[in-house]
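A.B. asks: After the structure tokens below, expect a handful of questions from me.
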Amino acid sequence: MPKRYFITTPIYYVNSVPHIGTALTTFVSDVTSRYQKMCGHQTCFLTGTDENGLKVMEAAEKAGKSPQKFVDEISQKFRVIWGGMKIEYDDFIRTTEPRHIECVQEVFRRLQANGYIYKGTYEGWYDVSSETFYKEAELVDGKSPDGNEVRWVQEDNYFFKLSAFEEPLLEHIEKNPNFILPEGRKNEVVAFIKQGLRDTSISRNNPGWGIPIPGDESKVVYVWFDALINYLAATGWPDESYTDLWPPEVEWMGKDILTRFHATLWPAMLMGLGVALPDTLVGHAWMLIGGEKISKSKGNVVEPIELAKTLAARSGCTEDLAIDAVRYYMAAALPFETDSVYTDEDFDRKYNSDLANDLGNALNRSLAMAHKFVEGKVPNAAIEPAALAAGSEAKAAYEAAMSVFRIHEAADAALNLIRFLNKYIDDRAPWALAKAGDPAVAGVLRSMLHCLRTAEGLIRPLMPSAADAIAAQLGHSPLKDWNLVAADGSLTAGTTLSAPQPMYPRLDLSKNEDRKTKNEKEGKPVEVVEKKKAEEAPVEEITIQDFARVQLRVARILEAEPLEGSDKLMKLQVVIGSEARQIVAGIRKVYTPEDLIGRQVVVVANLKPAKLRGADSQGMVLAAVDENGDAILLQPEKEAPEGSIVR
Ligand code: MSP
């Protein structure tokens, strides 16, 4: 059997359910696995739950449940949440399963037989929260370096001869530049090992929960020593067939559990067993909320599925696509070298700019124009070199990022192709080519559809349902073969395209009661403006025929920039269906270009063109006027078909 591409996540403590921070590690592993599958590898993506240890036992006691009942319930919750987030793991291991327990005991026996385990007395500080032993000198103000409470432990224990592995570890790290990523974190590990490694206690007095030490039931295996072995247990080791999976191509984790555990204790254990080391350990940074670690006790937990549900309710996208939007956010905002801070505002901003505007526009415009100019079919015409090159370059950038597990950069490469497409459409202006009867329009449309097809392939590992939706709109089956991504023949000429169906309606941020204004957040008083009465001048009646002379249409703003020489006017590039127009509007005082780009508005489409401050204006954008005379733009209550008539 050929070796499978083996990806692991840390196994999660079952003292609470996943939040956006813990979900991050599993999510990036899922993206890695989906990408490798597309590349033609048989993969095994392993995740699971860490169910032994004092921390879990104490959480069970607090919940008034037996440890077994407690871990059964929470472990199941993890599976349900991962399912909801479309995490396609192949194996889920629990440290209370017999296959794991047997493997841990066998590792213990063999390391003991190889002379790496001996009996001694441990005296020192123990942090139950991170299940870590600390030296007196490592404590900060009587607490662990992470600020957790520590308790004094004095026990006869079994020790692992970690000190024997200092040199071999440093040598391995030196010889294998991709063993620890990212680079900066590798340096931290090297510095940690160079400080000197002490032999480490790998047993605890048996509290009635945990894996008994073989031949000494009075002790259980230290939870970290036990947990790390899950990766090996899932392969069936010591059965010879374990090399069908082993070694892992990548073990993903957060930075907090890299240095002491995955990059030191774990490889030393493997060396002591004579088992190969994983190819790469990636320790990503942390996602913080309000500058703090995410935790239930701090009350700052954001749950990924809840976040998606709220997004669906607020934006009108489907819950399935909302999950993909959350997945996209986690990929794009992945803290890699340095920690990042999650805020609702940042989430909304990324959703609007990348998904509603960039992706939404590229898709809607391309399909609308294909229906208008090439009979709604994939034209039988050559892809223009610029579009072909943009697709290949995006694919190459994506591959380069994935080869070193920089998921955020892969997401960026995919979005860059979408951004290229929007610009390409503006530059090549297919509506103008069509109007002039230029046959080049077919090649331009084909190129636009090619970019969309390529983008479908690139986003698939991140956003599988969104990718399926794009494929369906292109009238093709999902593109799941990486070789075909960006390939000239990835679309079949003559295939009928569906009508554009907006996937990610724009969030109207001004409308969200759940989003406080900056002033409110900073505790500044909200300015109260005295309301003036709207002028109630007598109005002349008109007939329905009079009204019908005004052609109102839905337009989409593609570009917006302040008009030079005016502090009131904004120059807008809009499309009404597939027709491009420039409109100058007096809305600059209240709207920034970022507020406008991608938004649908209502315009008077048959207004005589005029020049405003020297700029052509081919229409008028409708807005209500507030008590200060400022504009409040009219917008369809939900995404309207491009160019629809308003009456
Ligand atoms: N049980 C151990 C792992 C044993 S692996 C042999 C453990 N579990 S954990 O549930 O506390 O953490 C699991 C993973 O979630 C870790 O990789 C951790 O870094 C990650 N994260 C937890 N909170 C996080 C953030 N706020 N941001 C990013 N990652 C976070 O440690």
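The values are calculated or read from the model by the stated rules, or taken from the named source; none is laboratory data. Values in this document were obtained by computation on a predicted structure and should not be read as measured data. All Cβ positions, glycine included, derive from the backbone under ideal geometry; neighbour counts span all protein chains shown. Just the protein is used for accessible areas: all its heavy atoms, side chains included, with ligands, DNA and RNA removed. Shrake-Rupley method; radii C 1.70, N 1.55, O 1.52, S 1.80 Å.
A.B. asks: Measure off 7 Å from each Cα along the Cα-to-Cβ vector at residue 393 and residue 80, then give the distance between these two points in nanometres to one decimal.
C.D. replies: Placing both labels 7 Å beyond Cα along the Cβ direction yields 4.8 nm.
A.B. asks: For a quick protection proxy, order the peptides 352-358, 181-187, 453-459 by their average other-Cβ count within 10 Å, most packed first.
C.D. replies: 453-459, 352-358, 181-187
A.B. asks: Going 7 Å from the Cα of residue 488 along its beta-carbon direction, which residues of the stretch 373-393 have the amide nitrogen within less than 11 Å of the resulting point?
C.D. replies: Flagged as within label range: 382-385.
A.B. asks: Hey, rough spin-label estimate for residue 340 and residue 156, points 7 angstrom out along Cα→Cβ, what's it come to in nanometres?
C.D. replies: 5.3 nm
A.B. asks: For the chain, take the longest principal axis of its alpha carbons; what is the angle in degrees between that and the long axis of helix 20-38, to the nearest 10 within 0 to 90?
C.D. replies: Roughly 80 degrees, rounded to the nearest 10.
A.B. asks: Follow-up. Using the heavy atoms of the protein chains and a 1.4 angstrom probe, tell me the accessible area per residue for the stretch 549-646 in square angstrom.
C.D. replies: Accessible area per residue: 51 Å².
A.B. asks: Another question, then. I'd like the FRET efficiency for residue 276 and residue 566, computed as 1/(1 + (r/R0)^6) with the beta carbon distance as r and R0 of 51 Å, rounded to 0.05.
C.D. replies: Given R0 = 51 Å and the Cβ-Cβ separation, E is 0.15.
A.B. asks: Per residue, how big is the convex hull of the stretch 581-647 when only Cα atoms are used? Give it in Å³.
C.D. replies: Spelled out: Cα convex hull of the stretch 581-647, divided by residues, is 115 Å³.
A.B. asks: Then there is this: HN-Hα J couplings of the stretch 266-271 from phi, Karplus 6.51/-1.76/1.60, θ = phi - 60°, integer Hz, Gly and Pro as x?
C.D. replies: 5, x, 5, 4, 5, 4
A.B. asks: Under the 0.36 nm per residue contour assumption, what length would be gained going from the current alpha-carbon distance of residue 99 and residue 611 to full extension?
C.D. replies: 176.5 nm
A.B. asks: Once every DSSP H run of n ≥ 4 in the chain is given -39500 (n - 2.57) and the sum is divided by its residues, what mean residue ellipticity at 222 nm do you get, rounded to the nearest 500 deg cm²/dmol?
C.D. replies: One gets -11500 deg cm²/dmol as the mean residue ellipticity at 222 nm.
A.B. asks: At a Cα cut-off below 19 Å, give the aspartates and glutamates reachable from residue 372, other chains included and same-chain residues fewer than 8 away excluded.
C.D. replies: 426, 427, 438, 579, 642
A.B. asks: Kindly write out, for the stretch 488-503 in residue order, the coupling ³J(HN,Hα) from the Karplus curve 6.51 cos²θ - 1.76 cosθ + 1.60 (θ = phi - 60°), rounded to whole Hz, with x marking Gly and Pro.
C.D. replies: In residue order, the calculated couplings are 3, x, 6, 10, 9, 4, x, 5, 7, 8, 7, 5, x, 10, x, 9 Hz.
A.B. asks: Let me ask another. Out of the total accessible area of the chain (probe 1.4 Å, heavy atoms of protein only), what percent is carbon and sulfur?
C.D. replies: It is 51 percent, rounded to a whole number.
A.B. asks: Next question, about the same structure. Return the FRET efficiency for the residue pair residue 68, residue 480: r is the Cβ-Cβ distance, R0 is 41 Å, and the value is rounded to the nearest 0.05.
C.D. replies: The computed FRET efficiency comes out at 0.50.
A.B. asks: What angle, in degrees between 0 and 90 and rounded to the nearest 10, separates the Cα long axis of helix 360-373 from the longest principal axis of the Cα atoms of the chain?
C.D. replies: The two axes meet at around 40 degrees.
A.B. asks: Which value, in Å², gives the accessible area per residue of the stretch 12-168 when a 1.4 Å probe is used on the protein heavy atoms?
C.D. replies: That works out to 42 Å² for each residue.
A.B. asks: Could you give the angle, 0 to 90 degrees to the nearest 10, between helix 440-459's Cα long axis and the longest principal axis of the Cα atoms of the chain?
C.D. replies: So the inclination is approximately 30 degrees.
A.B. asks: Between residue 143 and residue 1, what is 0.36 nm times their sequence separation minus the Cα-Cα distance? Round to one decimal in nm.
C.D. replies: Length gained, residue 143 through residue 1: 46.1 nm.
A.B. asks: For the stretch 169-184, take each phi angle, set θ = phi - 60°, evaluate the Karplus expression 6.51 cos²θ - 1.76 cosθ + 1.60, and give the result in whole Hz per residue in order, putting x for glycine and proline.
C.D. replies: Coupling constants for the stretch 169-184: 5, 4, 5, 5, 5, 5, 7, 10, x, 9, 5, 10, 10, x, 3, x Hz.
A.B. asks: Could I ask something else about it? What translational D, rounded to a whole number of µm²/s, comes out for the chain from Stokes-Einstein when the hydrodynamic radius is the Kirkwood one over Cα pairs, at 37 °C and 0.692 mPa s?
C.D. replies: Taking Rh from Cα pairs, D becomes 117 µm²/s.
A.B. asks: Could you pull out which residues in the stretch 443-457 have an amide N less than 20 Å from a spot 7 Å beyond the Cα of residue 380, following the Cα-Cβ vector?
C.D. replies: Once the point is set 7 Å along Cα→Cβ of residue 380, 443-450 turn out to lie under 20 Å by backbone N, inside the stretch 443-457.
A.B. asks: Please compute the length gained on full extension between residue 309 and residue 559, using 0.36 nm multiplied by the number of residues separating them and subtracting their Cα-Cα distance.
C.D. replies: 86.9 nm
A.B. asks: Further question on the same structure: Tell me, what is the per residue accessible area of the stretch 372-437 in Å², probe radius 1.4 Å?
C.D. replies: Averaged over the residues of the stretch 372-437, the accessible area is 46 Å².
A.B. asks: Going 7 Å from the Cα of residue 88 in the Cα-to-Cβ direction, what parts of the stretch 476-505 have a backbone nitrogen less than 15 Å from that spot?
C.D. replies: Residues 478-483 qualify, since their backbone N sits under 15 Å from the label point.
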